[in-house]
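The values are calculated or read from the model by the stated rules, or taken from the named source; none is laboratory data. Note that the structure is a prediction, hence the values are computed from the model and not measured. When we count neighbours, we look across all protein chains shown, and the Cβ atoms used for this are built from the backbone with ideal geometry, even at glycine.
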Amino acid sequence: MSSTQHINIFQSLYERGSLPMELTHSKIMDTSLPVDEYTWTKHGKNAISCRLMPSYLTIDRTKSEFNIKTIEQYNWGYSIDLSSCSSIDGYLSSQFKSKPRSIIRRYVNRLETCFSISYKLYHGELEKETYDYVFDTLRDMIQARFLEREETHKEMWRWEKLKQDTFQQILKKQASLFVIYDGSKPIEISLNYHLGPVLFSSVSSYDLDYGKFGLGHVEIYKQLEWCISHEYSLFEMGVGGMDYKRKWSNHIYRFSHWIITPKENLLLGWVGQIEYWKILTKEYLKSKKVNELRDRITGLLNFGKTKKEVMDEVEFSTAPTNDHIDLKTLIPLSPKEVEQVKGLRKAINNFLYTNTLAYATIKIYSADNSARRFYIMYKDKMQNRFIELPRI
């Protein structure tokens, strides 16, 4: 019995790192891609309905054994074309005006001034213990961020399968993990896929305590540096028009939906034609934004099912003191003890960002054992100064 197989082509291409037999003679930005031995059509028994085909993937249809019908989707992709770019500074100059350029550089410089920052892209060799730690930390970051937003991340339902598959892909250089470290602690992580001349930043998140430092921008900045030095042509950011993607992208494109059927199978040709009209109708409804209402309702229902705790946001204010403070009355806190007080590290980091101070140069004290009043001691003109952090 003939049927239609539905595939997210964007996800399939990048996560496999190769093309199926149906897309033989394909190229990305004039680069031919490896073709695997797997096939979607299962010996001619299925029509293939492929959503989210990126515009930069082309196929020589005159050489193909398949008929391909295409429909423009109401989904946009966001990417950075690096084919004529020789440096990150050159790209910033071509993409941003003076003020945004200054803000991005400030994020990078301020982050590196305030903390012991290092950058690592794992692409090939990677210890399994390190992999497990980084991948689990990425999950924790995503869950914390989406709990704050009262949403559920689209990849959580398959996270364990993703973790199981990705390690071997990294060893084969089909995938990578980019990590920003503060000392030995990951504070921003991006899971990437590599396909020909493209690096696709698929899933990323950051430590909310460092939110002031624009880590999303720092990640893109540093990954673009890597891509340029390794002669990649495209930095792909995927589907969805989040504000930071729009700002960075110089190549915004529409995805298309492909219906693929064998040329010699007339029955599948009719199956493919029916699927074509279904997708055309679906895209029309999307153009009228019917899907946005559905997605909002679905997201709220899913969040309600998975939410296990209510966000108990703890905030601290900053208040100057008269500096006449007796250190003997204060309790010094170790870095580990600071991390155990909810909301405290975020307040400290925000203070460091505003005052361009290094974390290693300050000391943290508790006023008592109630965990409601803390002090930051720092040097100013060779004198000890104090900032009070009372809990709001």
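Some observations on this one:
- Residue in the range 113-139 that is surrounded by the most Cβ atoms within 10 Å (Cβ to Cβ), counting only those that are within 21 Å of the chain's Cα centre (by Cα) and charged (D, E, K, R): R139
- If you filter the range 44-62 down to residues that are under 24 Å from Y78 (Cβ atoms) and part of a loop (DSSP other than H, G, I, E, B), you find that the one that is nearest to the chain's Cα centre (by Cα) is P54.
- The range 349-377, subset among the aliphatic types (A, V, I, L, M) and closer than 16 Å to E339 by Cα, residue modelled with the lowest pLDDT: A371
- Matching residues, the range 79-138, being of a type outside the set (F, W, Y), more than 21 Å from I252 (Cα to Cα), in a strand (DSSP E or B) and touching a helix residue (DSSP H, G or I) at 6+ places or on another chain (Cβ under 7 Å): I117, L121
- Residue, surrounded by the fewest Cβ atoms within 10 Å (Cβ to Cβ), within the range 164-184, restricted to residues that are in a strand (DSSP E or B) and under 18 Å from the mean Cα position of the chain (by Cα): Y181
- Each residue in the range 30-43 was checked for being part of a loop (DSSP other than H, G, I, E, B) and exposed (fewer than 15 other Cβ atoms within 10 Å of the Cβ), and 8 of them qualify.
- Identity of the residue in the range 73-104, charged (D, E, K, R) and free of Cβ contacts under 8 Å to residues at least 12 places away in the same chain, that ends up surrounded by the most Cβ atoms within 10 Å (Cβ to Cβ): R101
- R149 vs. criteria surrounded by fewer than 20 Cβ atoms within 10 Å (Cβ to Cβ), modelled with pLDDT under 95, basic (K, R) and touching a strand residue (DSSP E or B) at 6+ places or on another chain (Cβ under 7 Å): no
- Residues that are in contact (Cβ under 8 Å) with a residue 24 or more places away in the chain and in a strand (DSSP E or B) were ranked within the range 1-21; the one that is farthest from M53 (Cα to Cα) is S3.
- Where helices (runs of 4 or more DSSP H) fall wholly inside the range 211-299, the ranges with 2 or more residues that are farther than 23 Å from S118 by Cα, at pLDDT below 95 and more than 20 Å from the chain's Cα centre (by Cα) are 266-287.
- From the list K161, K154, the lone residue that is of a type in the set (K, R) and either at pLDDT 95 or above or in a helix (DSSP H, G or I) (or both) is K161.
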